[in-house]
Amino acid sequence: MTAVDPALRATRTTCPYCGVGCGVVADRDVAGALTVRGDPLHPANFGRLCAKGSALAETIGLEGRLLEPMVNGRAATWDAALDHVANGFSEAIRQHGPDSVAFYVSGQLLTEDYYAANKLMKGFVGSANVDTNSRLCMASSVAGHRRAFGADTVPGVYADLDEADLIVLVGSNAAWCHPVLFQRMMANKRERGARMVVIDPRRTATAESADLFLPIAPGTDTALFCGLLAHLADTGALDYAYINSHTGGFAAALARARDIAPDMAATAKATGLDPSGVASFFDWFAATTRTVTCTSQGVNQSAQGTDKVDAIINCHLATGRIGRPGMGPFSLTGQPNAMGGREVGGLANQLAAHMGFSDVEIERVGRFWGAPRMATREGLKAVQMFEAIEAGHIKALWVMATNPAVSLPRAGAMRDALRRLELFVVSENVISNDTVDAGAHVRLPAAAWGEKDGTVTNSERRITRQRAFLPVPGEAKPDWWIVAEMARRMGFGAAFAYRSAADVFREHAALSAFENAGTRDFDIGGLAGVSDTDYEVLAPAQWPLRADETAPQSRFFADGGYFTPDRKARFVAPERPGLREATTEAFPFRLNTGRVRDQWHTMTRSGMSPRLALHCVEPFVEVHPADARAAGLSADGFARVATRHGEAILKVVVSDGQRPGSLFVPIHWSDATASMARVGDLVGPATDPHSGQPEAKATPAAIAPVAFASRGFALTRGRVTWPPGTWWARVAVTAGSGYWLATNDPPATWQQTARGILGEPVELAEYVDAPRGLYRAAAFVEGRLDGCVFIGPSEAPPQWDAVRDLFGAEAIAPAQRRMLLSGKSAGSLPDAGPLICSCFGVGLNVIRGALHSGAAANVEDIGKALRAGTNCGSCLPELKRIVQGSVNERVAAV
């Protein structure tokens, strides 16, 4: 482990959120206060950060941290805990064989952690049952790359987004999910005139900036790109020299494309798109050599995701638009180290260093590791793994740095399955989350971001150091250390005698070059001999980094050289598109899931930031206006969304950007942050036959209104438990927790509840108006607002902006205190409205005020006056809509 220098004031490291891999600089002042800013020297972001990255300093703290090992709910020493785990795994292997145990790991791990876990399971336990939550986000891209290229190779680099003349975004809301990259795309549009096409069932924030938006029907991406391939052939836009020299299988792929979508009219019919939009897209693609097609979860998270990926790749291979500046297919990775996990074989169907389960590769990896019992076949992919737990075939499971009880399909059933394990081990930062609370027998405290040391790899194959700038608290340890200690206790200590993350990295680099000689894409042999000192100062670098190369390549495949036996790419003839689960009269909608702008995964980290909490404060379902009318739903009301697998109760957002017949629900809320909002409970188990990735975008669903008599909010210093039947959603606020509430209980019940929750304050002020359904209570301690509960009728719920500001203050003035229970804000506390710009805390009412006063007339003016939109840019689409709404109001008034 690398010791943190007490005198250190600035540390260059990487952001722990998405796969863009932004460099950040963590600054600590003399008193230890932390700020986090973008690293201007990092080539992934050049100093830019999104709202989540900008708020990282707000997520550093020890509240809720797991700081010591625990066995069966009791504190234990590391020796006792690891002995217990090693004995349990060894006994399960002895009785039931190596396939009775499994690891489920994460793109949140560093590469060194990932490598150690993969090596232990596949080389020494003798099973390939180690899979990753990256299976849920990018496995279809991996499978598509391997089918087409012979290896999991991302051909392009971020600079291609700067140099493209046409950028096609398929199933990617990059404005919210990869905002730093999206700003590079927008700069290209402004400065070079690049055009942008967005293909998505929803009109997302990304679509707001598109030159052409194609609201495609769910599951029909393959048909669209088959139609494009046929059109390219019919209009003479193919590069036959490239096809003939560097590819195979073109004729079969083109024949299949013609069978699926022979012309524009057939394509439009198959995809539910307007024929003119299809024609424009096809014509632009055919005429634009420098074209980049970016894909993300909308493509990957599908039971036909691999075919979608390859249908897109087919169009780039057929035009020779790959591996050259400004062109190529580009997978935008979801997690900070999903790519690093791919490098070390973190997926159950791969071995380390991009090797697979051929006899030659099994023998090669086993020989390098000196492995006594190499796995000889692929392991269980994530959904299969948890189904095997459910069936009782897997007896012992170790989960590292992920929350499958929230994120997996059929999450409720998977939570029940975890309770049946004979041994359930979790390595975590937090003492409680949905997975830990599903019956973990052993909890191992892992080092968190800011404390751990190693490397990550971003979406453009760039390896960057993640450095420690905080001391490791309590008994927490790095994940690679925990795995190595486990291996030692199982009798494999000699192969895991690592003293540092640098030791693990050197071995990982050496394996990448072992018997390679250019036959495998992943090779960082040039770093295999890096010293501890050089590892510490390692600059960001893209692979391959071969030991004998003086000029490393940045792109792949411009001149062929694929990683197939004949070094030619493979065109893939996709299956006919179609969704696995059909809608029915009982479940007539398609449920689409995804992210919101300012939150991340299950909010374990991002949910700690009061600033990020203000953008989307409650779990919601987005519905098209026509569907809302037909179902009797009202905007800002509630709805029950149900599938064959589970149900949730969510706030209703009515939006004409939502496709009719589809529902959209964010993935982030869990039982730790809301009463009934785990979207994983609703998602079905259908998976792609090639990648094993689950279909998270098109589960058949139903929706119906839910009525609550009263709504309100509470502010508390700690987390609380609400009465049964209460709908609640928790967000971080300064110095405590905020709760949005909905209930059918009368004010008298809430008077009892509030007194129990607010405890024994020095002073409790209450206001009760039972006939009007009003209850308000505020607790004061030494002049400070210590907590409050406000409940009112659903048609006129109390608003919390002014009260929330008072809650964060050290003390409140008498006038403010007098106004508090009136439900009105004091004059000194203007209501900023819903948060629009997280980076600078600018609310909707403030922006509207600037527009109405004449202080601003457009988005650029808003940036100058209020700074909104001038940092990460992820709020720019919303700012454009606000400006347009203001213009429309003025026109209507005239």
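The values are calculated or read from the model by the stated rules, or taken from the named source; none is laboratory data. This is a predicted model, so every value here is computed, not measured. Every residue, glycine among them, receives a Cβ derived from its backbone with ideal geometry; neighbour counts consider all protein chains shown. Remember, those area values only see protein heavy atoms, side chains included, never the ligands or the DNA or RNA. Shrake-Rupley method; radii C 1.70, N 1.55, O 1.52, S 1.80 Å.
With an 8 Å Cα cut-off and a minimum separation of 6 or more residues, compute the relative contact order for region 93-245 in percent.
The normalised contact order for region 93-245 reaches 13 percent.
Give the accessible area for TRP600 in Å² (nearest 10); use a 1.4 Å probe, count only protein heavy atoms, and leave out ligands, DNA and RNA.
TRP600 has an accessible surface of roughly 20 Å² with all protein chains in place.
Quick one: ranking GLU428, GLU91 by accessible area, 1.4 Å probe, largest first, what do you get?
Solvent-accessible surface, decreasing: GLU91, GLU428.
Give the calculated FRET efficiency between ARG488 and ALA241 to the nearest 0.05, with a Förster radius of 56 Å applied to their Cβ-Cβ distance. Kindly include the intermediate steps, with their values, before the conclusion.
Numbers: r = 57 Å, r/R0 = 1.01.
About 0.50, to the nearest 0.05.
Hey, how many Å between the Cα centroid of region 652-677 and the Cα centroid of region 32-54?
So the separation of the two Cα centres works out to 30 Å.
Keeping every protein chain in place, order TYR767, TYR242 by accessible area at 1.4 Å, biggest value first, i.e. largest first.
Details: TYR767 80, TYR242 15 Å².
Result, largest first: TYR767, TYR242.
Taking only C-alpha pairs under 8 Å that are 6+ residues apart, what is the relative contact order of the chain in percent? Working shown, then result.
On the way: 2077 pairs, mean separation 134.7, N = 894.
For the chain, the relative contact order is 15 percent.
Sequence-distant or interchain residues sharing an amide H contact under 5 Å with VAL344, placed H: which?
Amide H neighbours of VAL344: ALA353.
How much accessible area per residue does region 582-658 have, counting only protein heavy atoms and a probe of 1.4 Å, in square angstrom? Please report the intermediate quantities before stating the final value.
Details: 2750 Å² over 77 residues.
For region 582-658, the solvent-accessible area averages 36 Å² per residue.
Roll a 1.4 Å probe over the protein chains and send me the accessible area per residue for region 418-558 in Å². Please list the in-between numbers first.
Values: 4710 Å² over 141 residues.
Solvent-accessible surface per residue comes out at 33 Å².
Calculate the FRET efficiency for ARG576 and GLN884 from the Cβ-Cβ distance with a Förster distance of 35 Å, rounded to the nearest 0.05.
0.30
How are the Cα pair distances of region 1-112 distributed, in percent, across 10 Å bins from 0?
11, 26, 28, 20, 12, 2
Once amide H atoms are placed 1.01 Å from N in the peptide plane, what residues at a sequence separation of 5 or more from ARG195, or on another chain, have their amide H within under 5 Å of its amide H?
Counting only residues 5 or more places away or on other chains, the set is LEU166, ILE167.
HN-Hα J couplings of region 791-800 from phi, Karplus 6.51/-1.76/1.60, θ = phi - 60°, integer Hz, Gly and Pro as x?
Values, residue by residue: 10, x, x, 4, 6, 9, x, x, 9, 10 Hz.
What label, among (i) 90, 73, 68; (ii) 97, 73, 51; (iii) 80, 70, 56, belongs to Cα extents along the principal axes in Å computed from the structure on display?
So the structure-derived entry is (iii).
What is the set of long-range amide H partners of GLY787 at a cut-off below 5 Å, with H atoms built 1.01 Å from backbone N?
ALA779
Can you order the peptides 525-536, 288-299 by their average number of other Cβ atoms within 10 Å per residue, highest first?
On the way: 525-536: 15.5, 288-299: 24.8.
With the highest mean Cβ count within 10 Å placed first, the list reads 288-299, 525-536.
Going from most exposed to least, what order do TRP480, TRP740 have by accessible area with a 1.4 Å probe?
On the way: TRP480 5, TRP740 35 Å².
Descending accessible area places them as TRP740, TRP480.
Along its principal axes, what span do the Cα atoms of region 471-605 show, with the longest given first and each in whole Å?
Projected onto the principal axes, the Cα atoms of region 471-605 cover 63, 52, 36 Å.
Of all accessible surface on the chain at a 1.4 Å probe, what whole percent is carbon and sulfur?
Working: 15940 of 30830 Å².
It is 52 percent, rounded to a whole number.
For region 341-481, what does the relative contact order come out to in percent, with C-alpha contacts under 8 Å and a separation of six or more?
Working: 200 pairs, mean separation 19.6, N = 141.
That works out to 14 percent.
Output ³J(HN,Hα) for region 48-53: one whole-Hz value per residue in order, computed from phi by the Karplus curve 6.51 cos²θ - 1.76 cosθ + 1.60 with θ = phi - 60°, and x for Gly and Pro.
6, 9, 7, 4, 5, x
Which residues in region 680-713 have a backbone N closer than 20 Å to a point placed 7 Å from the Cα of ALA748 along the Cα-to-Cβ line?
What the label zone holds, given the 20 Å backbone N cut-off, is 709-711.
Provide the gained length on full extension for the span THR533 to LEU62, in nm with one decimal, where the gain is 0.36 nm per separating residue minus the Cα-Cα distance. Let's see the in-between values first.
Values: separation 471, 0.36 × 471 = 169.56 nm, distance 3.03 nm.
Between THR533 and LEU62, full extension yields 166.5 nm more.
Take the alpha-carbon centre of region 145-188, take the same for region 417-477, and report the distance between them in whole Å.
Here the answer is 29 Å between Cα centres.
If one computes the Cα centroid of region 62-119 and of region 573-611, what distance in Å separates the two points?
Their Cα centres are 30 Å away from one another.
In the chain, what percentage of the DSSP-assigned beta bridges are antiparallel, given to the nearest 5?
Close to 60 percent.
Leaving out ligands and nucleic acids, and using a 1.4 Å probe, what accessible area per residue does region 771-825 come to in Å²? Could you put the intermediate results ahead of the total?
Numbers: 2520 Å² over 55 residues.
Ligands and nucleic acids excluded, the figure is 46 Å² per residue.
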